[in-house]
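One structure below.
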Amino acid sequence: QETRSKESLSDLYQLLLGNPLGDIMKKYKKLIISKDGAVHKIPFEALYNYDSKKYLIEEKEVLYVPSAQEFNRLKYTETAYTNSGKIVLFSNPNFQAEVDNRMDELRGSKILGLDDLPAFQGMKGFEKEANSIISIFPNSTINYERAEASEANLYKVKSPKILHFATHGFFIDDKNLSYSNLKSGIALSGYNSSRNDGESYEGIVTASKLLKLDLKGTELVVFSACDTGVGDIHDSEGVEGLNKVVVQVGAKRVMMSLWRVNDEQTAKFMGYYYQFLKEKKGYAEALRETKLKMIKEGLEPRYWSAFVLNGID
């Protein structure tokens with residue numbers, strides 16, 4: 001099975017990189033890639049070079065940007081904004097928590113397809129992931145968990161160094177909904193209660209709601225959505241919805257997963273990643289080191305290649 005997987009990844013390598021670029025690939029150690037359409041779901045890091053017998057991540061540092069225009073904006077726009085120096089976590093929300101009975105822009109669940117969204121359950125991996133990060137940065141981490149992992153507390157956050165979500169995500173596949181920022185989002189405390197009562201929508205945090213945040217100076221936003229319940233957020237429209245919004249409100253980089261990853265492996269992955277950050281690695285460098293470490297442990301690409309970094313380092 002591993003041989004067949006590498007053969008398929010090698011074919012993709014030749015199709016996407018080897019044949020179009022040829023020897024140009026040898027000149028650069030860093031690739032900045034703008035993906036479109038179905039290619040959104042391909043982690044270039046996992047492409048396999050049969051000549052060198054290495055995955056692309058073993059040979060190159062890989063980053064992603066939504067477009068060439070966004071690359072130029074990120075590279076050439078200097079900002080004077082500073083962050084708080086804090087890592088703010090929203091982890092393992094209590095999806096059953098009671099919510100205020102108030103209305104907002106999500107009114108009309110039948111139109112938006114909210115009735116089709118699943119109810120979510122908490123996962124041990126969410127808590128384990130948060131505890132791992134806290135143990136690495138005990139003095140600079142603020143953790144909102146369970147009922148405190150709420151939409152109200154999210155709006156109190158201003159320009160953290162890192163904003164990390166360890167929760168479920170969703171994508172509303174409704175062709176009648178023209179505003180894409182209402183289609184994708186994350187689930188916070190009270191999500192199930194809001195979904196069930198059909199009137200209050202606290203905890204159902206769409207990309208549109210994330211536009212309310214002030215992340216000027218924030219260096220990284222992490223959407224760590226694990227295993228079951230991620231739903232169709234990884235439709236390219238869902239991925240880009242969240243990615244573009246957090247950049248619009250000031251964040252420099254966004255890390256998210258391209259598919260559902262086992263929550264235990266995700267917790268391990270994030271533990272490695274934050275440990276490399278503590279060792280003063282850059283955000284892209286720490287991500288590469290994390291993936292190389294998991295490769296050395298013999299883990300398959302599906303465990304380490306799901307998480308990608310959007311932005312430039």
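Couple of notes before you dig in:
- Residue pairs, from the table 6/244; 6/175; 30/161; 216/280; 175/244, whose Cα atoms sit over 27 Å apart: 6/244; 6/175
- Taking a point 7 Å from the Cα of residue 36 along the Cα-to-Cβ direction, the residues of region 62-96 with backbone N closer than 15 Å to it are 65-71.
- Cross-link pairs 124/209; 27/54; 53/296 - those with Cα-Cα distance over 19 Å: 124/209
- Zone of residue 313's modelled label, taken as backbone nitrogen in region 38-64 under 20 Å from a point 7 Å along Cα→Cβ: 42-49, 54-64
- Computed over protein heavy atoms with a 1.4 Å probe, the carbon and sulfur contribution to the accessible area of the chain reaches 46%.
- The figure for residue 293 is an accessible area of roughly 80 square angstrom, using a 1.4 Å probe on the protein chains alone.
- Entry comment: accessible area of the chain is 47 Å² per residue, from protein heavy atoms only and a probe of 1.4 Å.
- Gaussian network model of the chain, springs between alpha carbon atoms under 10 Å - residue of 69, 14, 275 with greatest fluctuation: 69
- Listed residues 82, 167, 218, most fluctuating in the chain (Gaussian network, C-alpha, under 10 Å): 82
- Residue 220 long-range amide H proximity, modeled H, under 5 Å: 163, 252, 253
- Helix-only mean residue ellipticity at 222 nm for the chain, each DSSP H run of n ≥ 4 adding -39500 (n - 2.57), per residue, nearest 500: -9000 deg cm²/dmol
- Backbone amide hydrogens, once placed in the peptide plane, bring residue 307 within less than 5 Å of 258, excluding anything fewer than 5 places away on its chain.
- Close amide H partners of residue 184, meaning residues 5 or more places away or on another chain with modelled amide H under 5 Å apart, are 172, 207.
- Relative contact order, percent, the chain [alpha-carbon distance under 8 Å, six or more residues apart]: 21 percent
- Available extension along the chain between residue 216 and residue 54 is 54.5 nm, counting 0.36 nm per residue and deducting the alpha carbon span.
- Between region 24-50 and region 157-176, the Cα center-to-center distance that results, in Å: 25 Å
- A 1.4 Å probe, protein heavy atoms only, puts the accessible area of residue 116 near 130 Å².
- Taken as entire DSSP H runs, the helices of the chain never both span 30 Å or more between Cα atoms along their own long axis and average 0.0 or more on the Kyte-Doolittle scale.
The values are calculated or read from the model by the stated rules, or taken from the named source; none is laboratory data. Note that the structure is a prediction, hence the values are computed from the model and not measured. As a convention, Cβ positions derive from the backbone with ideal geometry for all residues, glycine included, and neighbour counts pool all protein chains shown. For accessibility, only protein heavy atoms count, side chains too; no ligands or nucleic acids. Shrake-Rupley method; radii C 1.70, N 1.55, O 1.52, S 1.80 Å.
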